[in-house]
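Enquirer: One structure is given below, represented as structure tokens, and several questions about it will come after.
The values are calculated or read from the model by the stated rules, or taken from the named source; none is laboratory data. Remember, predicted model here, so these are calculated numbers, not experimental data. Using ideal geometry, Cβ is built from the backbone for each residue, glycine included, and neighbour counts are taken over all protein chains shown. Areas reflect the complete protein model, heavy atoms only, side chains present, ligands, DNA and RNA absent. Shrake-Rupley method; radii C 1.70, N 1.55, O 1.52, S 1.80 Å.
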Amino acid sequence: AKAKGKNQFVVHTSDLSDEMIAESVLEIELRNALDNQEFVLHYQPQIHNVSGALIGFEALIRWEHPRLGLLAPGRFIRLAEENGLITQIGEWVISEACIQNKKWQDAGMAPVKISVNLSTQQFLTRNLISYVEEVLELTALNPKYLVIEITENMAMEYEYSIHVLKELKKLGVGISIDDFGTGYSSLNYLKNFPIDYIKIDKSFVSELMNDVNDAIIVIATITLAHNLQKEVIAEGVETQAQLDFLKHHNCDITQGFFFNKPLPASEIENIYLHH
Ligand code: C2E
Ligand code: CA
Ligand code: CA
Ligand code: CA
């Protein structure tokens with residue numbers, strides 16, 4: 001619909017239809033994608049800044065769409081949230097990531113943490129804790145090698161979120177705040193929520209060397225996180241200059257194209273699994 005003067009809207013059916021048809025087709029296909037095993041996880045290395053050691057991977061979902069090829073989450077996560085499919089997809093992500101991480105450990109790779117993204121909707125579903133517990137049991141993955149990434153939007157359900165986070169901590173998994181500083185939230189949650197890592201959003205990192213405001217925000221975030229006994233992960237690091245800046249300001253962990261793009265499991269094995 002386009003605004004046409006005061007209180008008047010004209011719907012251009014010709015504009016809408018293609019997009020709407022494509023979207024509803026995609027929605028139907030999305031409902032079958034899990035059964036058809038069309039989702040895959042790609043893994044992006046996270047590097048410790050002081051030692052240079054690999055400390056973990058972030059698992060990022062992709063959809064191997066039969067017609068459209070490999071789709072990034074930007075193409076389907078919102079759709080999955082709108083249709084209530086995100087919880088089932090998210091459960092698959094948790095179990096696939098834990099299975100993969102255990103496989104790598106059993107194959108002799110140095111143990112690392114695997115981080116999974118949880119949508120707020122999934123974070124608020126009642127059986128999340130028992131699901132995570134069950135997956136850890138079935139895979140026999142040590143819980144300290146699983147990290148759950150959530151955004152600060154979950155702080156909107158303040159009391160319930162504290163409860164869930166405390167239960168997850170009891171299981172022994174790590175908690176990371178993703179996209180820090182980009183959500184609708186006060187800083188208040190930082191003192192009450194049991195969080196291990198703060199992730200500096202790539203929107204701050206990408207302009208670090210050009211925009212003094214971004215540099216100031218990044219430095220302040222690192223200081224804040226360290227004073228609260230939390231570790232800092234910078235995401236979206238693409239250049240040596242950004243890495244040098246972050247190291248100079250004591251950022252703990254780096255993730256970004258400068259080291260690696262998210263890669264399929266087979267490529268991770270080529271790099272990190274020595275036969
Ligand atoms: P995110 O959690 O903030 O993940 C980081 C995104 O930045 C990823 O995009 C990653 O490929 C990209 N990235 C990493 N390093 C760089 C870099 O150096 N430069 C640039 N330009 N980009 C970089 P991706 O994989 O397309 O994922 C986009 C978003 O989709 C994620 O943002 C996350 O919010 C969501 N997502 C991904 N996987 C899942 C999932 O399994 N479940 C849910 N609920 N959301 C997911
Ligand atoms: Ca993330
Ligand atoms: Ca992020
Ligand atoms: Ca994001």
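Enquirer: Could you grab me the full set of residues in the range 55-64 that are within 25 Å of Asp244 (Cα to Cα) and touching a His at 6+ places or on another chain (Cβ under 8 Å)? Talk me through it step by step, then tell me what you get.
Expert: As a first pass, look at the range 55-64 and keep what is within 25 Å of Asp244 (Cα to Cα): 55-58.
Scanning the range 55-64 gives a single hit, Ile55.
Enquirer: Shifting gears a bit: In the range 166-184, what residues are over 22 Å from Val135 (Cβ atoms) and away from ligand 2 (no atom under 16 Å from the Cβ)?
Expert: Tyr184
Enquirer: Using the structure shown, decide if Ser206 is polar (S, T, N, Q), at pLDDT 95 or above, surrounded by 15 or more Cβ atoms within 10 Å (Cβ to Cβ) and within 15 Å of the chain's Cα centre (by Cα). Break it down into steps so the answer makes sense when it comes.
Expert: Numbers: polar (S, T, N, Q): yes; at pLDDT 95 or above: yes; surrounded by 15 or more Cβ atoms within 10 Å (Cβ to Cβ): yes; within 15 Å of the chain's Cα centre (by Cα): no.
In short, no.
Enquirer: Given the residues Ala234, Ala225, which is the only one that is within 30 Å of Leu171 (Cα to Cα) and within 15 Å of ligand 4 (Cβ to nearest atom)? Please lay out each step first, then the result.
Expert: Working: Ala225 fails: within 15 Å of ligand 4 (Cβ to nearest atom).
Exactly one of Ala234, Ala225 is within 30 Å of Leu171 (Cα to Cα) and within 15 Å of ligand 4 (Cβ to nearest atom), namely Ala234.
Enquirer: Can you confirm whether Asp179 is open to solvent by less than 70 Å² (accessible area, probe 1.4 Å), in contact with a helix residue (DSSP H, G or I) (Cβ under 8 Å, 6 or more places away or on another chain), among the charged types (D, E, K, R) and free of Cβ contacts under 8 Å to residues at least 60 places away in the same chain?
Expert: On the way: open to solvent by less than 70 Å² (accessible area, probe 1.4 Å): yes; in contact with a helix residue (DSSP H, G or I) (Cβ under 8 Å, 6 or more places away or on another chain): yes; among the charged types (D, E, K, R): yes; free of Cβ contacts under 8 Å to residues at least 60 places away in the same chain: yes.
Answer is yes for this residue.
Enquirer: Turning to a different aspect of this structure: Restricting to the range 19-46, give me the number of residues that are surrounded by 11 or more Cβ atoms within 10 Å (Cβ to Cβ) and either at positive phi or within 16 Å of ligand 2 (Cβ to nearest atom) (or both).
Expert: Matching residues across the range 19-46 total 6.
Enquirer: Read through the list (1) open to solvent by 10 Å² or more (accessible area, probe 1.4 Å); (2) under 20 Å from Ser51 (Cβ atoms), then give the number of the only condition that Leu171 fails.
Expert: It is condition (2) that Leu171 fails.
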